[in-house]
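Read-outs throughout are calculated quantities, based only on the coordinates presented, and are distinct from any laboratory measurement. The structure presented is a predicted model; accordingly, all values stated were derived computationally and were not measured. Heads up, the Cβs are rebuilt from the backbone with ideal geometry, glycines too, and the neighbour counts pull from every protein chain shown.
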Amino acid sequence: MSAGPQHVQQEKTVVKVIASSIRKGNVLDLDGKLAVVISAENIHPGKGTPVTHLEMRRISDGVKVTERYRTTDQVEKAFLEEKDYNYLYEDDMGFNFMEPETYDQIAVSKDVIGDQAVWLQENMSCKLSLFEGNAIAIELPARVTFEIVEADPVVKGQTASSSYKPAKLENGARIMVPPHIASGTRVVVMTADGSYVERAKD
């Protein structure tokens, strides 16, 4: 007795979405070839048509591809197998993650994580997109909390609305923070662009 179609597992599902909805880490189907989005920018010129500028890396050969679409154009977004993994450590193989239920470990290459690596924290839960058993894209939590280890001293009379000042986090990243934030303060940061959100409540 043959298995019904409901038992056939597809590695990917492709859905048409508008270009402006595409984000870093998404996977697109470009004429049958999958590509991971490295950066996505919606550009709204003063005159003319708003466009979405995408930089991608083809999964099959690693070649970088740049495409420009009108923001309302339809593109084919591929939905792959996604699983939550916990970050363990970095070694020569890349960044190692563990599936919390099966304890299976997977190494994610530095190319896949890119400049987001600075925000990884031990046991952080991240969503990995898998294709043929390999992690091809990663989604970090939107916000992370780090302690500030260096910041210019607080100047008396400055208010929160004054211009931001540079500060260094415990992970080595440099961000801009309000003038009243001092060294030793734990702050919440957006992983997408490293922007300051608020003083941590914990």
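General remarks:
- Residues whose amide H lies under 5 Å from that of Ile59, counting only those 5 or more places away or on a different chain, are Leu34, Ala35, Val36; hydrogens are built 1.01 Å from N in the peptide plane.
- At full extension, Thr13 and Lys168 could sit 51.6 nm farther apart than now, given 0.36 nm per residue minus the alpha carbon distance.
- Residue-wise HN-Hα couplings along the range 113-118, as the Karplus relation 6.51 cos²θ - 1.76 cosθ + 1.60 with θ = phi - 60° gives them from phi, are 7, x, 6, 6, 4, 4 Hz; Gly and Pro carry x.
- Highest mobility in the GNM of the chain, judged by mean-square fluctuation with C-alpha springs under 10 Å and restricted to Ile38, Ile113, Ile181, is found for Ile181.
- Taking amide H as placed 1.01 Å from N in the peptide plane, Val149 has its amide H under 5 Å from the amide H of Lys168, Leu169, Glu170, Gly184, each at least 5 places away in sequence or on another chain.
- Close amide H contacts of Lys165 (hydrogens built in the peptide plane, cut-off under 5 Å, sequence separation of 5 or more or a different chain): Val177.
- Net charge of the neighbourhood of Gln121, taken over other residues with C-beta under 13 Å away and scored Lys/Arg +1, Asp/Glu -1, is -2.
- Max mean-square fluctuation residue, GNM over the chain, Cα-Cα springs under 10 Å, options Thr71, Thr102, Thr191: Thr102
- Highest mean packing comes first when the peptides 63-69, 122-128, 73-79 are listed by Cβ atoms within 10 Å, giving 73-79, 122-128, 63-69.
- Unsatisfied cross-links (Cα-Cα over 27 Å) in the set Lys16/Lys83; Lys127/Lys201; Lys33/Lys127; Lys110/Lys165; Lys24/Lys83; Lys16/Lys64: Lys110/Lys165
- Helical mean residue ellipticity (222 nm; -39500 (n - 2.57) per DSSP H run of 4+; nearest 500) of the chain: -500 deg cm²/dmol
- Using θ = phi - 60° in the Karplus curve 6.51 cos²θ - 1.76 cosθ + 1.60, the 3J(HN,Hα) couplings for the range 57-71 round to 10, 5, 6, 5, 10, x, 6, 7, 10, 10, 10, 10, 10, 5, 4 Hz; x is entered for Gly and Pro.
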